[in-house]
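Novice: Quick one: the structure is below, questions incoming.
Values quoted throughout were computed directly from the atomic coordinates according to the rules given, and no laboratory measurement underlies them. Small disclaimer: the values here were computed from a predicted structure and weren't measured. Here the Cβ is made from the backbone with ideal geometry for all residues, glycine too, and neighbour counts use every protein chain on show.
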Amino acid sequence: MRRLGRIVVWMLAGTGVLALVLVGLGVWIAAHLSPRTEHDLPKRAVLTLDLDAKFHETVDGDPLAALAGEKSYALRQVIDAIDHAAGDTRVVGLFATMGHASLGLGDVQEVRDAVGRFRRSGKPALLFAETMGEGGSGTLDYYLASAFGQIWLQPSGDVGLTGMMAESPFIKGTLDLLGIKAQFSGRHEYKSAIDMFTETGFTAAHRENLGRLMDSFSDQLADGIANGRKLTPDVVRGLVGKGPFLAAEAKAAGLVDQIGYRDAAWAVIAGDGKDKDQAAEEIDIADYAAHLAEPKGIKVALITGSGAIHRGESHHGFDSEPDFGAQTIAEALRDAVDDDGVKAILFRIDSPGGSYTASDTVWHEVKRAREAGKPVVVSMGNVAASGGYFVAMAADRIVAQPGTITGSIGVFTGKMVLDEFWKKLGVSWDEMHRGDNAAMWSANRPFSPQAQGRIDALLDHIYADFTGKAADGRGIAADRMDQLARGRIWTGADAKALGLVDRLGGWSEAVAAVRETAGLKPDEPVRLVDYPRPRKIWEVLAEAMAGGSVTERRQLAALLRAAAVLEPLTARLSILAEPPGAATLRMPPLDHSGTRR
């Protein structure tokens, strides 16, 4: 009986400790994550922006990052905050820091555009970088930095302006050694996501497509840097061939304005060296964004599809990457249509594609929204390709950044055949089946001629459906659409010239397109409302607990970070996560180490 009593006491004590922990956590959250009020803002402030932080698409993208001491931003909130600060008399400048930014090219252009609007208001924008490269390429980092009025570089830093390189692993030789045969088919020659399994190097079509992408990217970077630094594109291209640059060399070449440390750079923009009473205070851009009052205006539904497209609901587990559940997005579209207060829909897409049927589900709901009289405008992020383009092509307007990766109108499917692999291991299989094609998706035998015929018919049907819907949605003749499709990837700039998107730009251009399609005045205030509603932090905690302990999740996250060196390969292998036989609308991952590492 005494033992039972001790157990009860320990249980009660444990419950009390847990309650105290939860209460303490709640107090911490309230103190650190609650929005500021009007009087919290200083009379003179400089917004600070950490460009090394993690950026995500949705406002609830990583609500636990602050609890772990990690800086993260919602991209839209950063853009809104910079735009609002341009007209806020209390904000006297923008101060950004950088070591190695992790933004994609589309998001970099989004931030560059916002910084440009801020500077045109007459306020200074200064960037301090410890380095832009340090043993790796800093080309994309420098492209981002060149949007600022002043660039400061630490004396020990360098500017890794070295250009672009694209590389891809091919593992056919490894599969041959193991006795594994990759049996995939695609539509058509530019659908290169499967090439790493079936080829030993770039095919002619793959090389052609990748070369055009790199040319477009290089032109955009050269033009942007030239405009920001008052140089010519040819001068910038010449400098690219001479990088990386030591700090003194970078200053002599006109790539940076000052060499110094952060405190000296901060003193320049904050006025610390002048009247102390007039010195500006530092406020992080996330805190400033949290302070902003809810906008008023016409209600516009904002629906965000980010990550690989799949059937079912989107998953938002703790430390999980964003994904694009067709059921979640379709329900959000239906809810927006049914809401009489919603004037239009802004559909933000950042996805390399995924399931054909899931993509078709979302395409249908976009089409239904238009038919119901709710205009739909698509805003493309870093990538909206293959299935990511499929879900966009029924919209009234499509807006993309020049550096957005899009197109990839095509499809592939197939399987890995393991019969010889099992023989090498001494493993034998036996089977029984009913139906001539019952075993067609078995990994233990190649496709029979009859099964391959069915595969070809499936791929031809999906390709015809994809290109037909794209032609109808974009008003392009079928034969011309076939020329633009065939699995070919385009930059947003090229897609605009070819009629695959309507205009170039980011959030501000997309909102302008919303006003146009909804018949609003050009200066009509609009209010973006997330569909579905963003999760609260306690909902994230509940979901994390339901999916395993926080410790287990953190251990998994640590393992994933430790395995980051394999990311270029695992990103390509991720297409094998699709069920055998699933028709996949997906573009190949791109490693352009001159822009991202």
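Novice: Treating only the Cα positions of segment 424-496 as identical point scatterers, give the base-10 log of I(q)/I(0) from the Debye formula at each q in 0.13, 0.16, 0.23 Å⁻¹.
Specialist: -0.62, -0.73, -1.04
Novice: Another question about this same structure. Rounded to a whole number of µm²/s, how large is the Stokes-Einstein D of segment 88-142 at 25 °C and 0.890 mPa s, given Rh as the Kirkwood radius over C-alpha pairs? Could the numbers behind the result be given before it?
Specialist: Values: Rh = 12.4 Å.
The diffusion coefficient I find is 197 µm²/s.
Novice: Let me ask something else about it. Residue by residue through segment 292-300, what is 3J(HN,Hα) from phi via Karplus (6.51 cos²θ - 1.76 cosθ + 1.60, θ = phi - 60°)? Round to whole Hz and write x for glycine and proline.
Specialist: Those phi angles translate into 4, 5, 4, x, 10, x, 5, 6, 10 Hz.
Novice: What value does segment 327-479 have for Rg/Rh, both radii from Cα atoms and Rh as Kirkwood defines it?
Specialist: Using Cα coordinates only, the ratio equals 1.13.
Novice: Follow-up question, since we're still on this one. Using only alpha carbon pairs under 8 Å that are at least six residues apart, calculate the relative contact order of segment 126-268 and give it in whole percent.
Specialist: Working: 207 pairs, mean separation 48.5, N = 143.
Relative contact order, segment 126-268: 34 percent.
Novice: Rounded to the nearest angstrom and ordered from largest down, what semi-axes does the equivalent ellipsoid of segment 225-345 get from its C-alpha gyration tensor (root of 5λ)?
Specialist: 44, 26, 17
Novice: For segment 325-405, treating each Cα as an identical point scatterer without solvent, what Debye log10 I(q)/I(0) comes out at q = 0.25 1/Å?
Specialist: For the requested q values the scattering log ratios are -1.20.
Novice: Can you list the residues, at least 5 places off or on another chain, whose amide H is less than 5 Å from the amide H of N437, using H built in the peptide plane?
Specialist: It is none; the list stays empty.
Novice: Now a separate question. Compactness ratio of segment 164-267: Cα Rg over 2.2 N^0.38 Å, N = residue count?
Specialist: Relative to the rule-of-thumb radius for its length, segment 164-267 sits at 1.65.
Novice: Can you grab the distance from the C-alpha centre of segment 193-267 to the C-alpha centre of segment 336-367, Å, no decimals?
Specialist: 35 Å
Novice: Fewest Cβ neighbours within 10 Å first, please rank T174, T357 accordingly.
Specialist: Least crowded to most crowded, the residues run T174, T357.
Novice: Add +1 for every Lys or Arg and -1 for every Asp or Glu among the other residues with Cβ under 15 Å from the Cβ of K424, and state the total.
Specialist: Result for the local shell: -1.
Novice: Normalised by the empirical 2.2 N^0.38 Å for globular proteins, what value does the Cα Rg of segment 192-237 take?
Specialist: 1.64
Novice: Dipole size in debye (nearest 20) for segment 221-263 around its Cα centre, Lys and Arg Cβ +1, Asp and Glu Cβ -1? Before the final figure, lay out the partial values.
Specialist: Details: 6 positive and 5 negative charges, 7 e Å.
Around 40 debye, computed over segment 221-263.
Novice: Then there's this: Quick one: which of 372-381, 420-429 comes out on top by average Cβ neighbours within 10 Å, and what's the full order, highest first?
Specialist: Packing proxy ranking, top to bottom: 372-381, 420-429.
Novice: Give me P(r) over segment 84-210, computed from all C-alpha to C-alpha distances, binned every 10 Å, as integer percentages.
Specialist: 11, 28, 21, 18, 14, 6, 1
Novice: Under a cut-off of 23 Å between alpha-carbon atoms, report the lysines in cross-link reach of K172, not counting same-chain residues fewer than 8 places apart.
Specialist: Once the sequence-local lysines are set aside, what remains near K172 is K181, K191, K415, K423, K424.
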